[in-house]
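The values are calculated or read from the model by the stated rules, or taken from the named source; none is laboratory data. Please read all numbers here as calculations on a predicted model, not as lab measurements. Positions of Cβ are backbone-derived with ideal geometry, glycine not excepted, and every protein chain shown enters the neighbour counts. Note: areas computed on protein heavy atoms with side chains; ligands, DNA, RNA excluded. Shrake-Rupley method; radii C 1.70, N 1.55, O 1.52, S 1.80 Å.
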Amino acid sequence: MKKAKIPFYSKKTSPANRGLSLVEMLVALSLLSVGALSFFGVFGGIARGVQNAKARSLAANLCQEQVQILKQKNYYRVMVTTAPVFDLRFSTPVPYDTSYFPPETVLEGELPSPG
């Protein structure tokens, strides 16, 4: 008994019509690259959002800690200055006291404070 040979391609189509054309490959590749680039863009946005949320929560915790320290001080130790110094780095200058409450730099969670 002879085994019947199964052709690799159908006899109805010519060998030139097998596979994908260059245009089809370019369209498929462009669609895949747009999808991959959008995925990486979304991932970068999520990473920036997480970093921003971390910085905000650390800043809120540091502010709560400073308010708690001020609440524990004696009333007469918390004095208002008569000669404030203004921090001009903001759109509206921020007054502060350099003698009793000097600006301090705090490194918390690898994020330095602006002071």
Take the residues in the range 86-102 that are among the aromatic types (Phe, Trp, Tyr) and part of a loop (DSSP other than H, G, I, E, B); name whichever of them is nearest to Cys63 (Cα to Cα). Phe101
Just to be sure, is Phe43 free of Cβ contacts under 8 Å to residues at least 24 places away in the same chain, aromatic (Phe, Trp, Tyr) and not in a loop (DSSP other than H, G, I, E, B)? yes
In the range 69-84, is there at least one residue being within 19 Å of Leu107 (Cα to Cα) and either in contact with a Phe, Trp or Tyr (Cβ under 6 Å, 6 or more places away or on another chain) or assigned to a helix (DSSP H, G or I) (or both)? yes
Single match in Ala53, Ala83, Ala59 (criterion: open to solvent by less than 100 Å² (accessible area, probe 1.4 Å), modelled with pLDDT of 90 or more and not hydroxyl-bearing (Ser, Thr, Tyr)): Ala53
Go over the candidates Ala36, Ala16, Ala28, Ala4 one by one and state the one that is assigned to a helix (DSSP H, G or I) and either at pLDDT below 90 or in contact with a strand residue (DSSP E or B) (Cβ under 9 Å, 6 or more places away or on another chain) (or both). Ala16
